[in-house]
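Below you'll find the structure, written out as structure tokens, and then a few comments.
Only the coordinates and a few stated rules stand behind these numbers; no lab work does. Owing to the predicted nature of the structure, the values given are computational and were not obtained by experimental measurement. Cβ placement follows ideal geometry from the backbone for every residue including glycine, while neighbour counts extend to all protein chains displayed.
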Amino acid sequence: MSNFKVGIIGAGPSGLAMLRAFESEQKKGNPIPEIKCYEKQDNWGGMWNYTWRTGVGKYGEPLHGSMYKYLWSNGPKECLEFADYTFMDHFKQPISSYPPREVLFDYIEGRIKQSNARDFIKFNTVARWVDYVEDKKQFRVVFDDLVKNETFEEYFDYLVVGTGHFSTPNMPYFKGIDSFPGTVMHAHDFRGADQFIDKDILLIGSSYSAEDIGVQCFKHGSKSVTISYRTNPIGVKWPQGIEEKPLVTHFKDNVAYFKDGTKKEYDAVVLCTGYQHKFPFLPDNLRLKTKNNLYPDNLYKGVVFNENERLLFLGMQDQYYTFNMFDTQAWFARDYMLGRISLPNKEDRDMDISKWVELEKASKTGEEHVDFQTDYIKDLISMTDYPTFDLDKVASMFKSWLNDKETNILSYRDKVYTSVMTEVTAEEHHTPWMKELDDSLERYLDEVGVDEEELNK
Ligand code: FAD
Ligand code: NA7
């Protein structure tokens, strides 16, 4: 064992990628440091670990989960596939390109279950506070064991933060919303469309959450869906029943007034206004301060905190790529901690960061953003032994996906893509997505779809 100690906060896909990276090193017979991972929920999987709860969890902690029932992957699974554990490795048969949440959870869990990673994770344990102890060159981390209701501390030479950034809502105020008589919630608390059946629903925001919650509510039977945008509309061809309007100016009772002078009555408002990067356990000098960007400032290679290079962050970017990007970051983080990758001096790191930040600023379209993140991952992969894969092909799948959504937002999930890892083409799901109301793993793997009569309705 290498004689240093690594603390990982969070056992979502990013934290698990870190554990996997060290495991792959250990399997080669190489020494690894002492590792401990702390997770505030009672299971791994991060966002993919669905909870019915809202507000606070069992132990009174702010609830992490923002996922909801009937959530299906919003991008092709072929774009997020692990290079070292493919969908074929896990399911042993081709599956569709857009699986539901439970299926993706199963896949994430399948890889990590192959190792003894669970032994390294302490669940129901929340990181409360971190100090950097300069003379020891270590982090002192204060944790709460939520089950025992006990506080304890640990020291680490490196600290890896993988706590996600789609959990703490950004909740803007709109004049008059305080007296809106119906439901008002943030997307973080949305748990499924059931309560919005036959309702007129207003979604504020024009990104992934607004698009997906809007389409789900339409699918499950909302009377009407309005999506209100601040800067740009989503701009796809919407079916009758979903419309986009410019920003709400104010509310009066149950009526929303919009910038274009129109107004409409609503039963419910869902704020799909994004999330804050929030690290209540980090002091000011160790805190990453960023909006939801493709290249957060102050992170060298998107991972190493530039003010204290023993503090690492995983998964803090806005995401086209997800699971495989977290892997490439974790492999980079591992090799850096093992001393195989040396850091340039701070001035050169600043220059490297600025280069990426400027490149992001210059990229405007969805396609350019895909290219940006692809180049970022290529850069990371070139530095480690993470199995390389055809990133240009993945980028072109992302671009087709963007196009598929524009062509038909209701059926893009019926498309199939080919894995660059296995060259296996996905199987069409047995039921068109718009007709599939059951998102369980059991139903998904069932070979029988809805009957013809249902389909033709
Ligand atoms: P998370 O998954 O958020 O995990 C962070 C973990 O850290 C959690 O388990 C949390 O409990 C733990 N934690 C937080 N604070 C503490 C603390 N103080 N102490 C201890 N533990 C702590 N991605 C896709 O690829 N496809 C999709 O279709 C998709 N849909 C999404 C839909 C929604 C509604 C949301 C919110 C996200 C979606 N994502 C999707 C993105 C998703 O966030 C990533 O796939 C992935 O879960 C990010 O992994 P992570 O480990 O970085 O963060
Ligand atoms: P995003 O992608 O960060 O988008 C946030 C959206 O909220 C975006 O359209 C913003 O508009 C809008 N926003 C933010 N503040 C306001 C205010 N004050 N008024 C109106 N609109 C506002 O978050 P999402 O929740 O959509 O997606 C996050 C993840 O969840 C994603 O990875 C998914 O997979 C699921 P802007 O364009 O900035 O004007």
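Tabulated data
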item: Full-stretch length increase - K361, V416 - with 0.36 nm per residue and alpha-carbon distance subtracted; result: 16.6 nm
item: Ranked by how many other beta carbons lie within 10 Å on average, peptides 148-155, 328-335, 48-55 from highest; result: 328-335, 48-55, 148-155
item: Projected-area average for the range 14-141 over all orientations - Cα convex hull basis, square nanometres; result: 10.0 nm²
item: Inter-part distance where the range 194-220 and the range 317-367 are each reduced to a Cα centre, Å; result: 34 Å
item: Packing rank of 174-181, 320-327, 65-72, where each peptide gets the mean count of other beta carbons within 10 Å, highest leading; result: 320-327, 65-72, 174-181
item: Cβ-defined net charge surrounding N285, 12 Å radius [Lys, Arg +1; Asp, Glu -1]; result: -2
item: Separation of the R230 and D390 label points, Cα + 7 Å toward Cβ, nm; result: 4.0 nm
item: Alpha-carbon centroid distance for the pair the range 65-115 / the range 235-297, whole angstrom; result: 28 Å
item: Viscosity 0.890 mPa s, temperature 25 °C, Stokes-Einstein D of the range 148-199 from Kirkwood C-alpha radius, µm²/s; result: 154 µm²/s
item: Where labels lie 7 Å past Cα in the beta-carbon direction, separation of S440 and D253 in nm; result: 4.4 nm
item: Net charge of neighbours whose Cβ lies under 10 Å from the Cβ of F251, counting Lys and Arg as +1 and Asp and Glu as -1; result: +1
item: For A395, net neighbour charge (Lys/Arg +1, Asp/Glu -1) across residues whose Cβ lies under 13 Å away; result: -4
item: Difference of contour (0.36 nm per residue) and Cα-Cα distance, K175 to S400; result: 77.0 nm
item: Size of the range 107-203 as Cα extents on the principal axes (Å, biggest first); result: 57, 37, 25
item: Cα-based equivalent ellipsoid, the range 35-89: semi-axes from gyration tensor eigenvalues, Å; result: 26, 17, 8
item: Aspartates and glutamates with Cα under 16 Å of K148, excluding same-chain neighbours fewer than 8 positions away; result: E39, D42, E61
item: Rotationally averaged projected area of the chain (alpha carbon convex hull; nm²); result: 22.4 nm²
item: Top positive-direction residue, dipole computed over the range 367-431 with Cβ charges, set V420, V394, T407; result: T407
item: Rg/Rh for the range 222-296, where both radii come from Cα atoms and Rh is the Kirkwood radius; result: 1.12
item: Binned Cα-Cα distances of the range 284-436, short to long, each 5 Å bin given as a whole percent; result: 2, 8, 16, 19, 18, 13, 10, 7, 5, 2, 1, 0
item: Lys, Arg +1 and Asp, Glu -1 on Cβ, resulting dipole of the range 161-279 about Cα centre, debye, nearest 20; result: 260 debye
item: Antiparallel %, DSSP beta bridges [both residues in the chain], to 5; result: 50 percent
item: Per principal axis, descending, Cα span of the range 186-247 in whole Å; result: 29, 26, 15
item: On Cα atoms only, tilt of 346-362 relative to the major axis of the chain in degrees; result: 10 degrees
item: Equivalent ellipsoid dimensions for the range 361-457 as semi-axes, Å, which come from the Cα gyration tensor, largest first; result: 33, 18, 10
item: Relative packing of peptides 85-93, 28-36 - highest average C-beta neighbours within 10 Å first; result: 85-93, 28-36
item: Hits among lysines - C-alpha to C-alpha of K92 under 19 Å, sequence gap 8 or more where chains match; result: K77, K113
item: For the chain: relative contact order, % (alpha-carbon pairs under 8 angstrom, 6 or more apart); result: 19 percent
item: Of K27/K137; K301/K346; K40/K291, those spanning more than 19 Å from alpha-carbon to alpha-carbon; result: K27/K137; K40/K291
item: For the chain, calculated [θ]222 nm from helices alone, where every DSSP H run of n ≥ 4 adds -39500 (n - 2.57); result: -8000 deg cm²/dmol
item: Rg in Å to one decimal, and Dmax rounded to a whole Å, for the range 305-347 via C-alpha atoms; result: 11.4, 31
